[in-house]
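Worksheet: one structure, shown below.
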Amino acid sequence: MSCVTSRFVFLLISLALALCSPFTMAAPQPFTAHYSLDIDGWPTIGITHTLSRQGAMWESAMTASLKVASGEERSRFTLEGDSVDARDYRSRYALFGIGDDYHLDREQLTEQPDRQAALFMLSRQAPKARCTHPQVSPCELVYQDHKGRRKTLDYRVTDQSEVTAPAGHFPGVTVDTWDPEKRDRHLFLTFHREHPGLLLGSHYVRDGEQTSQLTLDAVSLSDESAPEQRLSESAPADD
């Protein structure tokens, strides 16, 4: 890998539009979530993920940083009913002060969404996805990476149980994703079933061994017409 933040992005956001039957999807709500990412051989990385509304557009943004590396990516998209229209994607990565910036415009995003928009789309569709049983063919995920290259992954929904994290207790849906040409590598993502785009945690498994884990430490949900409220009110009180 070129830098730890690039690895973080590739592990967490290698996903895209799920091919499922039409249904009424949950409406999004702005949030700010804070995570700890643990990768073998690296210090713990703090990550912040926000979903915000900016006029007619929504923006999903992830940032990560430590002393020697930093990374950020932002996606803007619009919603029309159950459809998500990716409009603009920007990302930036640096290691020891050296890095690159990337940009995908609306024209480039016409056929496939960027991976931030795809993350939102997948979380919105996963609770109703049909590919839940090992004997059923997996769903297919298609998106563009930060350089605009078309990527395809398979995925299957594996669980829809309650999730406990340092931030509290939440209704979750877990998705197992993998590259069809690299079946020994699996990225498991757990989303909030009722708040699209909100990741509750993830872990990466290679050759049967877990090599990274993302943990939700704190999250707040914003109501555009009311003060910010805590989403983790159900979390147990500290002793």
* Structure fact -> Note on SER70: of the conditions (1) assigned to a loop (DSSP other than H, G, I, E, B); (2) in contact with a helix residue (DSSP H, G or I) (Cβ under 7 Å, 6 or more places away or on another chain); (3) under 23 Å from VAL219 (Cα atoms), unmet is (1)
* Looking only at segment 186-224, which residues are in contact with a strand residue (DSSP E or B) (Cβ under 9 Å, 6 or more places away or on another chain), open to solvent by 30 Å² or more (accessible area, probe 1.4 Å) and free of Cβ contacts under 8 Å to residues at least 40 places away in the same chain? -> HIS186, PHE188, HIS203, ARG206, ASP207, GLY208, GLN210
* Structure fact -> Taking segment 108-130 and the residues there that are in a loop (DSSP other than H, G, I, E, B) and among the charged types (D, E, K, R), the one that is least open to solvent (accessible area, probe 1.4 Å) would be GLU111
* Asked: Pick from segment 48-57 the residues that are in a strand (DSSP E or B) and out of contact with any Ser or Thr (no Cβ under 7 Å at 6 or more places or on another chain): which of them is nearest to GLN116 (Cα to Cα)?
  -> HIS49
* Structure fact -> Apart from one, (1) modelled with pLDDT under 95; (2) of a type in the set (A, V, I, L, M, F, W, C); (3) in contact with a helix residue (DSSP H, G or I) (Cβ under 6 Å, 6 or more places away or on another chain) all hold for PHE191; the odd one out is (1)
* Structure fact -> Exactly one of ASP105, ASP145 is open to solvent by less than 10 Å² (accessible area, probe 1.4 Å), over 19 Å from LEU214 (Cα atoms), among the acidic types (Asp, Glu) and touching an Asp or Glu at 6+ places or on another chain (Cβ under 9 Å), and that residue is ASP145
* Filter pass, ARG183 being loosely packed, with under 12 Cβ neighbours inside 10 Å, of a type in the set (D, E, K, R) and modelled with pLDDT under 90 -> yes
* Asked: Can we say PRO28 is at pLDDT below 90 and out of contact with any strand residue (DSSP E or B) (no Cβ under 8 Å at 6 or more places or on another chain)?
  -> no
* **Every pair of residues 6+ apart whose Cβ atoms lie under 7 Å, when the first sits in segment 12-41 and is charged (D, E, K, R) while the second is open to solvent by 60 Å² or more (accessible area, probe 1.4 Å) and modelled with pLDDT of 65 or more** => ASP38/THR44; ASP38/GLN213
* Structure fact -> Selection from segment 148-174 of residues surrounded by fewer than 18 Cβ atoms within 10 Å (Cβ to Cβ) and either of a type in the set (S, T, N, Q) or in contact with a Gly (Cβ under 6 Å, 6 or more places away or on another chain) (or both) yields THR152, THR158, GLN160, SER161, THR164
* Taking ALA69 as the residue in question, decide whether it is in contact with a Leu (Cβ under 6 Å, 6 or more places away or on another chain), open to solvent by less than 20 Å² (accessible area, probe 1.4 Å) and at pLDDT below 95. => yes
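The values are calculated or read from the model by the stated rules, or taken from the named source; none is laboratory data. Just so you know, these numbers come straight off a predicted model, no measurement behind them. Reconstructed Cβ throughout: ideal geometry from the backbone, glycine too, with neighbour counts over all protein chains shown. Surface areas here come from the heavy atoms of the whole protein model, side chains and all, with no ligands, DNA or RNA. Shrake-Rupley method; radii C 1.70, N 1.55, O 1.52, S 1.80 Å.
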